[in-house]
1. Quick check on the range 13-40: of everything there that is within 39 Å of the chain's Cα centre (by Cα) and either in contact (Cβ under 8 Å) with a residue 60 or more places away in the chain or not in a helix (DSSP H, G or I) (or both), which residue is surrounded by the fewest Cβ atoms within 10 Å (Cβ to Cβ)?
2. Residue under question is residue 10, and the condition is that it be surrounded by 10 or more Cβ atoms within 10 Å (Cβ to Cβ), modelled with pLDDT under 90 and either in the same structural domain as residue 122 (by TED's automatic domain parsing) or farther than 30 Å from residue 117 by Cβ (or both); does it hold?
3. Among the listed residues 85, 104, 94, 190, identify the single one that is under 30 Å from residue 31 (Cα atoms), assigned to a loop (DSSP other than H, G, I, E, B) and at pLDDT below 80.
């Protein structure tokens, strides 16, 4: 019985641009070994035509031919002695990658309130003393209670817990009076008034309903 040797993809050469596949990459590698310049040029141009046939959606992109030529040179590691069409410049310099964005690090011990609460507290600390700062601290307290309930819906949280946490996070620089009710602050938020057209529609619905009731009563009396 003849034994077959399988070749896994992990054992093959690395695909520089996987979208084009291994056969296109091998054809480009073969082009590098062609000695005759005219034959090498014709071979690469046929590769470009083949890519356009395999990926017709590329024609919808701007400068699609230029991108394909640049991809071919990139796969060849810019070691391909051919001449691209006029107007296409091949840059063999390494690709420029954007700088890595650092992940925000939070040093708060009470992360369940979120980073927004930390920023609001720091902003309140920098404010001047006065009624505006006092109202702003109350808003922060109500937001902290809302965030706490969202984080743990099954656990009851009292106003005292929020006041203690507010003082802890602010380093004792912010506080709420013992008589301040945080639930009272959240319940006093004015509800948005419905537009006048809504009330007109409701009146129209009630009038239509009364009209249908009168019609049904008339039909019943008529049947009798």
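1. 14
2. Numbers: surrounded by 10 or more Cβ atoms within 10 Å (Cβ to Cβ): no; modelled with pLDDT under 90: yes; either in the same structural domain as residue 122 (by TED's automatic domain parsing) or farther than 30 Å from residue 117 by Cβ (or both): yes.
When the stated conditions are applied, residue 10 does not pass them.
3. On the way: 85 fails: at pLDDT below 80; 104 fails: under 30 Å from residue 31 (Cα atoms); 190 fails: under 30 Å from residue 31 (Cα atoms).
Exactly one residue qualifies, and that residue is 94.
The values are calculated or read from the model by the stated rules, or taken from the named source; none is laboratory data. All of these numbers come straight from a predicted model, not from anything done at the bench. Every residue, glycine among them, receives a Cβ derived from its backbone with ideal geometry; neighbour counts consider all protein chains shown.
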